[in-house]
Amino acid sequence: MSEPFEAIHGIEGWLTEAQAQRLWTRARATRPPGAAVEIGSFRGRSTVVLALGAGAVVAIDPHGGGDRGPQEIAPDASLGDADHAAFMANLAGAGVAERVRHVRRPSAEAHADVDGPVSLLYVDGAHRFAPARADLAGWGARVAPGGSMLVHDAFSSVGVTLALLTTCAGSRSWRYMGRTGSLAEYERRAAPPGVAERARDAARQLAELPWFARNLAIKVLVLAGRRRWAERLGLDPAAPWPY
């Protein structure tokens with residue numbers, strides 16, 4: 001078991017072991033000046049990884065009980081309070097509570113809570129197109145040149161994927177660095193790319209669309225009660241959803 005995954009073992013969430021390793025590695029790497037920011041903390045699984053890797057993280061999550069998992073979109077205050085209590089307990093249990101500054105408000109309202117540029121941005125907030133695109137465009141614009149943005153449920157969630165393709169595919173600002181499962185990584189460019197480089201980068205992201213289509217097919221089968229068929233397409237038998 002890898003070091004970051006050992007630290008989050010038992011914390012509820014959807015970050016896989018391989019994704020935790022990628023997130024931890026990026027958090028530990030040399031970064032430009034700026035804060036490490038997480039959008040969407042749920043119960044602290046990714047927060048602990050970021051705190052261990054980066055040393056300090058600003059975790060933004062309103063803990064309103066909505067956008068907390070597959071088919072759990074509507075807010076529910078009681079669920080939100082339970083998530084918040086679990087989040088705080090999990091940070092304390094992992095020994096990282098003092099490394100985390102929690103901003104309990106929606107990401108669109110939290111810009112004033114983070115001063116200066118962002119060096120590392122992890123996005124796992126609302127998965128509908130409009131709020132996902134707002135996170136990628138608004139918070140992504142704050143990432144310093146040479147900084148990184150990692151996005152969960154990329155090429156898996158319809159809203160997140162469309163937001164990524166309209167914000168980052170062929171972008172003058174972002175270089176696609178690949179993915180681990182549904183965790184996609186981007187680097188903020190220090191200088192605008194040429195036309196050919198932008199085209200190659202867009203092609204690399206568009207090449208993920210068959211994998212995206214496979215994930216959509218799996219979700220349709222799961223919702224239709226055909227889980228065995230979904231597993232034949234590659235769904236992990238132990239996972240509720242493709243990540």
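So, in nm, how far is label Arg101 from label Ala238 when the simple model puts each one 7 Å beyond its Cα toward the Cβ?
Distance between label points: 3.7 nm.
Expressed as a whole number of Å, what is the distance separating the alpha-carbon centroids of region 149-173 and region 204-238?
Centre-to-centre distance over Cα atoms comes out at 18 Å.
If you count, for each residue, the other Cβ atoms within 10 Å and average over each peptide, how do 109-119, 143-153, 157-167 line up from highest to lowest?
So the peptides 109-119, 143-153, 157-167, ranked by packing, come out 143-153, 157-167, 109-119.
Tell me, Trp211, Trp241 in order of fewest to most beta-carbon neighbours within 10 Å?
Trp211, Trp241
When you count, for each residue, the other Cβ atoms within 10 Å and take the mean per peptide, how do 120-133, 179-192 rank with the highest first?
120-133, 179-192
Can you give the extra length, in nm with one decimal, that the chain gains between Ala18 and Leu79 once fully stretched, where that is 0.36 nm per residue apart less the Cα-Cα distance?
19.1 nm
Hey, rough spin-label estimate for Ala112 and Ala191, points 7 angstrom out along Cα→Cβ, what's it come to in nanometres?
Here the modelled spin labels are 3.9 nm apart.
Listed highest first by mean packing, meaning other Cβ atoms within 10 Å per residue, what order do 234-240, 38-44 come in?
38-44, 234-240
Multiply the residue gap between Arg228 and Arg128 by 0.36 nm, knock off their C-alpha separation, and tell me the result in nm, one decimal place.
Gain on stretching Arg228 to Arg128: 33.3 nm.
Read the figures in this text as sums done on the coordinates, not as results from a lab. None of the values given here were measured: they were computed from a predicted structure. Please note: Cβ atoms are built from the backbone with ideal geometry, for glycine as well, and neighbour counts cover all protein chains shown.
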